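Q: Okay, here's the structure, questions in a sec.
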Amino acid sequence: MDNFLNKAKKFLTSTKDLQYLSIANISGKVIAGFFWFYVATLMEAEEYGQISYLIAIAVMATRISLIGSGQTITVYLAKKIPIDTPLIIITTILSIVSAIVVYVIFQEIVLSIYIISMVFYDIALGSLLGKKLFKKYSGYFIVQKICSVIFGLTLYFLLGPTGLILGIGLSFLILLPVIIGSFKTSKVDFGLIKPRFGFMMNNYGLTIEKIFGGQIDKILILPILGFATVGNFHLGFQVLSVMLILPGIVFQYTLPRDASGISNKKIKKITIIISIVFAILGIILAPIVLPTMFPKYEEVVEIVQIMSIFIIPNAVNTTLISNYLGKEKSRVVLIGQSITIVTYVIGILGLGTEFGINGVAVSYVIAGFSQTIFYIIYKIKFEK
């Protein structure tokens, strides 16, 4: 008995950082998930689709402004290279430019606030992960999610749907102390960027691809299927994001460790096995749970059932991406995600037009597996 307790104590001690990340991500995802689920009950599918469309625009502008800085900062701070402060200055300037452009096009100041605030948020989280301040990261992450609910719902009831976007944007500013702290501990040295420019640009390519992978579907679905279908798809995506908690946690934990040369094989294998179980549960439980929770969203059940399969390739992909980014092989990840995006866009325009929203969901799954196949082929041919 004592031997078992000693082993359990040793395990808990050795995985303390992972526990912090797990608590933060599970709590954060649950808070965000129920927030969006509750918002869905307040709105019709069409209005919900409009909100998700506007947020998609803001997120796209944010990712463009970030130039891959979040993951770049994580990798190099883990290697004790203080690249954060010059990147904060560059991304802040770019975010202001993006905010002005988006305001001119959409005439919504709340989107501009969202863009600038989210840039600070992503940079701050990348900095905390790179410094391996997992406990501090967890605290900020959970507080931001709570504030997004409080601010978002308060401003929604006061100002309407755009108030919801404003509230979420303001919640990102909770991490401003981290940005300010970076300037207190690191000098601004733009010379650190030049020798790492290639890796940074490859990360930027990954960021641009994430724009298309995470947001372009809403932009493409709208003219083909309308706001109501966008609303159903966004709700389905929120359900999926809750089921993708585990791979996301593991990626945040393993990336700085991979960058430091620490092995993570065991935890990655366990992640893949558990993800398969989640995928099966998603398929089985969706028609039982979702119709009761969201009677206004008739298409969401089949969307979730199809997209649950994506959990499996996503788990494999995130474990491999962590390894490649940790070794600064961002070009491999860039190619893999390029294949995913091309496959997804072709699928939306083909299967989406032919079979509606279910065709889009199938395309999403196929795109995930296409990336997995590429990484497996690369591993077999070039990493013997």
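Q: I need the full set of residues from the range 83-96 which are farther than 19 Å from residue 173 by Cβ, surrounded by fewer than 19 Cβ atoms within 10 Å (Cβ to Cβ) and of a type in the set (A, V, I, L, M, F, W, C), in order please.
A: Scanning the range 83-96 gives a single hit, 90.
Q: Being over 29 Å from residue 57 (Cα atoms), over 20 Å from the mean Cα position of the chain (by Cα) and part of a helix (DSSP H, G or I) narrows it down to one of 163, 191, 198, so name that one.
A: Working: 163 fails: over 29 Å from residue 57 (Cα atoms); 198 fails: over 29 Å from residue 57 (Cα atoms).
Of 163, 191, 198, the one residue that is over 29 Å from residue 57 (Cα atoms), over 20 Å from the mean Cα position of the chain (by Cα) and part of a helix (DSSP H, G or I) is 191.
Q: Against the definition (modelled with pLDDT under 75 and either at positive phi or under 15 Å from the mean Cα position of the chain (by Cα) (or both)), how does residue 73 come out, yes or no?
A: Details: modelled with pLDDT under 75: yes; either at positive phi or under 15 Å from the mean Cα position of the chain (by Cα) (or both): no.
So residue 73 fails the test.
Q: Counting only residues that are out of contact with any Leu (no Cβ under 6 Å at 6 or more places or on another chain) and surrounded by 21 or more Cβ atoms within 10 Å (Cβ to Cβ), which one in the range 291-305 is nearest to residue 78 (Cα to Cα)? Write out each step before concluding.
A: To start, the set of residues in the range 291-305 that are out of contact with any Leu (no Cβ under 6 Å at 6 or more places or on another chain) comprises 291-296, 298-299, 302-305.
Of the ones still in play, those that are also surrounded by 21 or more Cβ atoms within 10 Å (Cβ to Cβ) are 303-304.
Details: 303: 39, 304: 37 Å.
Here the residue is 304.
Q: Would you mind finding the one in 360, 345, 301 that is under 16 Å from residue 236 (Cα atoms) and in contact (Cβ under 8 Å) with a residue 60 or more places away in the chain? First the steps, then the outcome.
A: Working: 345 fails: under 16 Å from residue 236 (Cα atoms); 301 fails: in contact (Cβ under 8 Å) with a residue 60 or more places away in the chain.
Checking each option against the conditions leaves just 360.
Q: Let me ask something additional. Given the residues 132, 80, which is the only one that is surrounded by fewer than 23 Cβ atoms within 10 Å (Cβ to Cβ), touching a helix residue (DSSP H, G or I) at 6+ places or on another chain (Cβ under 6 Å) and not in a helix (DSSP H, G or I)? Let's see the steps before the verdict.
A: Working: 80 fails: touching a helix residue (DSSP H, G or I) at 6+ places or on another chain (Cβ under 6 Å).
Within the list 132, 80, the selection yields 132.
Q: More than 19 Å from the chain's Cα centre (by Cα) and of a type in the set (A, V, I, L, M): does that describe residue 111? If you could, list the steps in order and put the result at the bottom.
A: Details: more than 19 Å from the chain's Cα centre (by Cα): no; of a type in the set (A, V, I, L, M): yes.
Criteria not met by residue 111.
Q: Residues in the range 51-70: is at least one aromatic (Phe, Trp, Tyr), over 16 Å from the mean Cα position of the chain (by Cα), modelled with pLDDT of 80 or more and in a helix (DSSP H, G or I)?
A: Among the residues of the range 51-70, at least one is aromatic (Phe, Trp, Tyr), over 16 Å from the mean Cα position of the chain (by Cα), modelled with pLDDT of 80 or more and in a helix (DSSP H, G or I), which makes the answer yes.
Q: Another question, then. May I ask you to list the residues in the range 46-99 that are closer than 28 Å to residue 230 by Cβ and polar (S, T, N, Q)?
A: The answer is 50, 52, 62, 65, 95, 98.
Q: So which of 123, 168, 174 ends up being within 17 Å of residue 73 (Cα to Cα), in contact (Cβ under 8 Å) with a residue 12 or more places away in the chain, part of a helix (DSSP H, G or I) and under 21 Å from the mean Cα position of the chain (by Cα)? Don't jump to the end; show me each part of the working.
A: Details: 168 fails: within 17 Å of residue 73 (Cα to Cα); 174 fails: within 17 Å of residue 73 (Cα to Cα).
From the options 123, 168, 174, the qualifying one is 123.
Q: With the structure loaded, tell me whether residue 143 is modelled with pLDDT of 90 or more, more than 23 Å from residue 75 (Cα to Cα), in contact with a Phe, Trp or Tyr (Cβ under 6 Å, 6 or more places away or on another chain) and surrounded by fewer than 21 Cβ atoms within 10 Å (Cβ to Cβ) or whether it fails that test.
A: no
Q: Now for a different question. Which is among the polar types (S, T, N, Q), buried (at least 22 other Cβ atoms within 10 Å of the Cβ), touching a residue at least 40 places away in the same chain (Cβ under 8 Å) and under 19 Å from residue 279 (Cα atoms), of 322, 330, 308?
A: On the way: 322 fails: under 19 Å from residue 279 (Cα atoms); 330 fails: under 19 Å from residue 279 (Cα atoms).
One residue alone meets the criteria, 308.
Q: If I go through the range 146-194 residue by residue, how many of them are modelled with pLDDT of 90 or more and of a type outside the set (A, V, I, L, M)?
A: 12
Q: For the range 236-257, how many residues meet the condition of being at pLDDT 75 or above and buried (at least 23 other Cβ atoms within 10 Å of the Cβ)?
A: Final tally of qualifying residues: 2.
Q: Still on this structure, I have one more. State whether one or more residues within the range 272-288 are β-branched (Val, Ile, Thr), surrounded by 13 or more Cβ atoms within 10 Å (Cβ to Cβ), over 12 Å from residue 243 (Cβ atoms) and touching a Phe, Trp or Tyr at 6+ places or on another chain (Cβ under 7 Å).
A: No, because not a single residue in the range 272-288 is β-branched (Val, Ile, Thr), surrounded by 13 or more Cβ atoms within 10 Å (Cβ to Cβ), over 12 Å from residue 243 (Cβ atoms) and touching a Phe, Trp or Tyr at 6+ places or on another chain (Cβ under 7 Å).
Q: Going through 103, 114 one at a time, which residue ends up being crowded, with 18+ Cβ neighbours inside 10 Å and of a type outside the set (A, V, I, L, M, F, W, C)?
A: Of 103, 114, the one residue that is crowded, with 18+ Cβ neighbours inside 10 Å and of a type outside the set (A, V, I, L, M, F, W, C) is 114.
Q: Same structure, new question: For residue 375, state whether it is at pLDDT 85 or above, crowded, with 17+ Cβ neighbours inside 10 Å and more than 30 Å from residue 231 (Cβ to Cβ). First the steps, then the outcome.
A: Details: at pLDDT 85 or above: yes; crowded, with 17+ Cβ neighbours inside 10 Å: yes; more than 30 Å from residue 231 (Cβ to Cβ): yes.
For residue 375, the condition - at pLDDT 85 or above, crowded, with 17+ Cβ neighbours inside 10 Å and more than 30 Å from residue 231 (Cβ to Cβ) - is met.
Q: So the check is Cβ under 6 Å with 6+ separation or different chains; which pairs have a first residue in the range 39-54 that's within 16 Å of residue 159 (Cα to Cα) and a second one that's modelled with pLDDT of 80 or more?
A: Between residues of the range 39-54 that are within 16 Å of residue 159 (Cα to Cα) and residues that are modelled with pLDDT of 80 or more, the close pairs are 48/40; 51/161.
Q: Scan the range 174-194 residue by residue and report those that are of a type in the set (A, V, I, L, M), surrounded by 14 or more Cβ atoms within 10 Å (Cβ to Cβ) and closer than 30 Å to residue 152 by Cβ.
A: Once the filter is applied, which keeps residues that are of a type in the set (A, V, I, L, M), surrounded by 14 or more Cβ atoms within 10 Å (Cβ to Cβ) and closer than 30 Å to residue 152 by Cβ, the range 174-194 yields 174, 175, 178, 179.
The values are calculated or read from the model by the stated rules, or taken from the named source; none is laboratory data. Worth saying up front: this structure is predicted, and the values here are computed from it rather than measured. Note that each Cβ is placed from the backbone with ideal geometry, even for glycine, and that neighbours are counted across all protein chains shown.
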